[in-house]
1. Testing residue A:217 on (1) within 14 Å of chain B (Cβ to nearest Cβ); (2) assigned to a helix (DSSP H, G or I); (3) more than 24 Å from the chain's Cα centre (by Cα), one condition comes back false. Which one is that?
2. Without any contact (Cβ under 8 Å) to a residue 60 or more places away in the chain, outside any strand (DSSP E or B), within 16 Å of ligand 1 (Cβ to nearest atom) and surrounded by fewer than 17 Cβ atoms within 10 Å (Cβ to Cβ): does that describe residue B:11?
3. Could you tell me which of the residues B:63, B:68, B:38, B:57 is without any contact (Cβ under 8 Å) to a residue 24 or more places away in the chain and at positive phi?
4. Sort out which residues of region A:133-142 are away from every other protein chain (no Cβ under 14 Å), surrounded by 21 or more Cβ atoms within 10 Å (Cβ to Cβ) and without any contact (Cβ under 8 Å) to a residue 60 or more places away in the chain, and write them in order of number.
5. Which of the residues belonging to region A:143-165 are in contact (Cβ under 8 Å) with a residue 24 or more places away in the chain and either surrounded by 21 or more Cβ atoms within 10 Å (Cβ to Cβ) or assigned to a loop (DSSP other than H, G, I, E, B) (or both)?
6. Can you pull out the residues in region B:154-180 that are closer than 13 Å to residue B:137 by Cα and surrounded by 15 or more Cβ atoms within 10 Å (Cβ to Cβ)?
7. Of the residues A:182, A:193, A:176, which single one is under 20 Å from residue A:140 (Cβ atoms), touching a residue at least 60 places away in the same chain (Cβ under 8 Å), away from chain B (no Cβ under 11 Å) and in a helix (DSSP H, G or I)?
8. Select from region B:27-42 the residues that are surrounded by fewer than 21 Cβ atoms within 10 Å (Cβ to Cβ) and farther than 15 Å from residue B:217 by Cβ and write down the one among them that is nearest to ligand 2 (Cβ to nearest atom).
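The values are calculated or read from the model by the stated rules, or taken from the named source; none is laboratory data. Small disclaimer: the values here were computed from a predicted structure and weren't measured. Here the Cβ positions follow ideal geometry from the backbone for every residue, glycine too, while neighbour counts run over all protein chains shown.
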Ligand SMILES: Nc1ncnc2c1ncn2[C@@H]1O[C@H](COP(=O)(O)OP(=O)(O)OP(=O)(O)O)[C@@H](O)[C@H]1O
Ligand SMILES: [Mg+2]
């Protein structure tokens with residue numbers, strides 16, 4: 001645990017160094033604000049404009065978390081079905097992979113045409129980008145169940161159901177959590193993209209507005225926020241993992 | 001007889017693994033199976049456990065055929081095979097859990113008896129190899145089947161721990177005399193633990209000899225130094241030497 005802190009501390013220090021370098025370079029070269037604002041300008045804008053920004057934040061956080069939860073639940077469900085019904089797997093798995101080759105940017109306008117500007121198409125976009133890492137990670141986890149444990153369960157006469165729920169599912173939890181962590185970062189991205197394509201509120205909207213009025217400092221505020229939100233979601237999932245996953249090697 | 005195996009044959013493709021095996025295990029009896037590596041001892045357990053079906057022959061438990069039927073035996077594998085995310089207490093009730101509600105009080109009592117009470121809430125990762133095997137054995141004891149099948153349970157342990165575990169197994173077995181079928185590589189282990197020993201030939205495995213072990217119970221390690229023990233050991237070694245030379 002201490003090691004993690006030391007490592008974390010080191011990267012924070014390095015990040016700080018990069019910010020200072022950025023600040024210095026912008027000042028020395030006297031880069032105009034509309035081209036590249038200094039970090040101090042961005043922070044100033046974040047503080048001053050917080051009241052207007054906070055509405056957008058809330059909307060995006062809500063969207064990202066809801067989308068993440070839906071996407072992950074659907075993903076886990078699909079993974080369980082595919083794993084337990086190999087026939088369905090043969091039929092659907094190629095299609096699933098294919099579905100990931102459709103760029104979200106292309107799909108989003110279609111969904112908006114079909115489902116309007118409400119929550120529905122946005123949640124669908126986020127779920128679409130979230131569910132795939134969960135499906136892949138869970139399926140891998142189920143498949144990689146320790147053979148000697150499975151052999152034990154078969155020898156003592158466990159049913160297919162018991163083998164799955166008592167062995168394969170808990171065994172794959174670490175793997176499922178790595179999928180969750182990837183999905184969490186995707187969900188924030190998905191939320192912002194879905195807001196770009198039509199919304200009244202949200203960080204995506206704030207970004208588009210800032211960009212069209214050449215408020216690059218605000219664009220950076222939005223970017224920093226997106227990064228922060230990703231990190232927070234990641235941390236939350238890591239914390240849940242610590243509680244749920246027990247008896248495994250530390251750090252594995 | 002609790003378990004009766006008649007004319008059992010098993011092949012995997014062209015590989016003839018078991019040939020005309022006849023053996024039996026009585027009530028409260030401790031039977032050891034001694035055979036060279038790769039002869040098909042674990043395969044025999046697979047058949048008794050119902051994971052594989054024999055090509056020929058019959059496996060009778062209490063007179064009823066259990067060919068290809070699972071759930072009739074307790075089992076302890078070579079590696080302890082504990083579930084890492086379950087505590088020791090949750091692990092020992094696992095096998096019992098498969099057939100209804102497990103009895104946690106009985107489980108705790110057993111853990112106490114074998115000196116693992118303070119580890120009831122620890123995870124397997126915190127246990128030594130010998131402790132894991134003890135947990136694995138208690139898990140097998142707590143499932144309600146009458147026949148206990150142990151597949152080289154101590155072969156992964158070092159010499160010191162092994163002798164300790166053998167004595168431990170005997171002391172537990174004195175208290176809870178389930179019928180035991182015990183696979184081993186070691187002549188001494190078989191002689192020290194069992195009432196009867198079947199010696200298997202190399203593949204295709206046949207029963208080469210059946211040996212009655214005359215030593216009285218309870219046994220302790222002084223037995224290992226007696227003349228009778230030594231003579232019997234030599235006698236068994238003759239059979240095994242024949243296997244090597246053929
Ligand atoms: N499911 C299977 N399919 C094909 N061959 C198998 C299968 N299971 C076992 N065998 C073969 O049967 C033979 C006997 O294997 P088995 O595991 O029963 O030996 P063993 O006596 O338990 O050996 P050891 O003492 O090393 O554990 C081996 O040659 C093995 O390759
Ligand atoms: Mg074996």
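1. If we test residue A:217 against (1) within 14 Å of chain B (Cβ to nearest Cβ); (2) assigned to a helix (DSSP H, G or I); (3) more than 24 Å from the chain's Cα centre (by Cα), just (1) comes out false.
2. Details: without any contact (Cβ under 8 Å) to a residue 60 or more places away in the chain: yes; outside any strand (DSSP E or B): no; within 16 Å of ligand 1 (Cβ to nearest atom): yes; surrounded by fewer than 17 Cβ atoms within 10 Å (Cβ to Cβ): yes.
No, not satisfied.
3. Values: B:63 fails: without any contact (Cβ under 8 Å) to a residue 24 or more places away in the chain; B:38 fails: without any contact (Cβ under 8 Å) to a residue 24 or more places away in the chain; B:57 fails: without any contact (Cβ under 8 Å) to a residue 24 or more places away in the chain.
Only one candidate qualifies: B:68.
4. Of everything in region A:133-142, those that are away from every other protein chain (no Cβ under 14 Å), surrounded by 21 or more Cβ atoms within 10 Å (Cβ to Cβ) and without any contact (Cβ under 8 Å) to a residue 60 or more places away in the chain turn out to be A:133, A:137.
5. A:144, A:145, A:146
6. Within region B:154-180, B:154, B:165, B:166, B:168, B:169, B:170, B:172, B:173, B:178, B:180 meet the criteria.
7. Working: A:182 fails: touching a residue at least 60 places away in the same chain (Cβ under 8 Å); A:193 fails: under 20 Å from residue A:140 (Cβ atoms).
That would be A:176, the only listed residue that is under 20 Å from residue A:140 (Cβ atoms), touching a residue at least 60 places away in the same chain (Cβ under 8 Å), away from chain B (no Cβ under 11 Å) and in a helix (DSSP H, G or I).
8. Going residue by residue through region B:27-42, those that are surrounded by fewer than 21 Cβ atoms within 10 Å (Cβ to Cβ) are B:27-29, B:36-38, B:42.
Next, from what is left, pick out any that are farther than 15 Å from residue B:217 by Cβ: B:27, B:36-38, B:42.
Numbers: B:27: 26, B:36: 11, B:37: 8, B:38: 8, B:42: 3 Å.
Out of the qualifying residues, it is B:42.
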